[in-house]
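Have a look at the structure below, then the notes.
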Amino acid sequence: MTIIVPSSDGPVGLYGFARPKPERAAELERLLLSFVAPTRAEPGSLQYQVHRDAADPGTLVFYELWRSAEDLRAHLARPELARFQERRMDYLREDLEVHWLTPLSAAP
């Protein structure tokens with residue numbers, strides 16, 4: 001799966017699900033959490049959160065809000081994110097499930 005960022009004249013958001021292979025779950029969680037601080041420091045990053053699904057603790061959920069599609073594209077091009085995209089199926093039992101959002105309220 002190649003992440004294709006939709007065109008947008010304003011902020012863009014997304015949420016997604018990462019369902020790891022059981023034997024790689026802890027490793028994937030550490031990896032996703034390692035992206036939090038650097039991502040929040042990026043220009044255009046308005047929110048970046050990683051969650052555990054309360055109903056399915058084996059599923060990790062991420063939420064992102066970006067000032068623009070351009071900012072999100074720049075984020076995805078970062079070397080560590082590009083490496084993750086290339087190797088994600090080493091960690092996942094099924095591909096990432098990503099849902100795109102068009103924010104209707106003002107960003108924080």
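The values are calculated or read from the model by the stated rules, or taken from the named source; none is laboratory data. Everything quoted here is computed from the prediction, not taken from an experiment. A quick note on method: Cβ atoms are made from the backbone with ideal geometry, for glycine too, and the neighbour counts reach across all protein chains shown.
Residues in region 78-101 that are over 17 Å from Arg30 (Cα atoms) and among the aromatic types (Phe, Trp, Tyr): 1 in all. Cβ separations smaller than 6 Å between residues 6+ apart or across chains give the following pairs from region 90-108 residues that are touching a residue at least 60 places away in the same chain (Cβ under 8 Å) to residues that are charged (D, E, K, R) and not in a loop (DSSP other than H, G, I, E, B): Tyr91/Arg24.
Would you call Ala69 exposed (fewer than 14 other Cβ atoms within 10 Å of the Cβ), out of contact with any helix residue (DSSP H, G or I) (no Cβ under 9 Å at 6 or more places or on another chain) and either of a type in the set (A, V, I, L, M) or at pLDDT 95 or above (or both)?
Values: exposed (fewer than 14 other Cβ atoms within 10 Å of the Cβ): no; out of contact with any helix residue (DSSP H, G or I) (no Cβ under 9 Å at 6 or more places or on another chain): yes; either of a type in the set (A, V, I, L, M) or at pLDDT 95 or above (or both): yes.
No; evaluated as a whole, the condition is false for this residue.
Checked against (1) assigned to a loop (DSSP other than H, G, I, E, B); (2) touching a Pro at 6+ places or on another chain (Cβ under 9 Å), Ser105 passes all but condition (2).
Give the residues of region 4-53 that are hydrophobic (A, V, I, L, M, F, W, C) and more than 18 Å from Arg93 (Cα to Cα), sorted by residue number. Residues satisfying the conditions are Ile4, Val5, Val12, Leu14, Leu33, Phe35, Val36, Ala37, Ala41, Leu46, Val50. Note on region 39-77: residues that are more than 20 Å from Glu27 (Cβ to Cβ) and in a loop (DSSP other than H, G, I, E, B) total 9.
Taking region 1-35 as the region of interest, how many residues are surrounded by 14 or more Cβ atoms within 10 Å (Cβ to Cβ), free of Cβ contacts under 8 Å to residues at least 60 places away in the same chain and assigned to a helix (DSSP H, G or I)? Qualifying residue count for the region: 3. The combined condition, being over 18 Å from Glu97 (Cβ atoms), out of contact with any Asp or Glu (no Cβ under 7 Å at 6 or more places or on another chain) and of a type in the set (A, V, I, L, M), is not fulfilled by Ala18.
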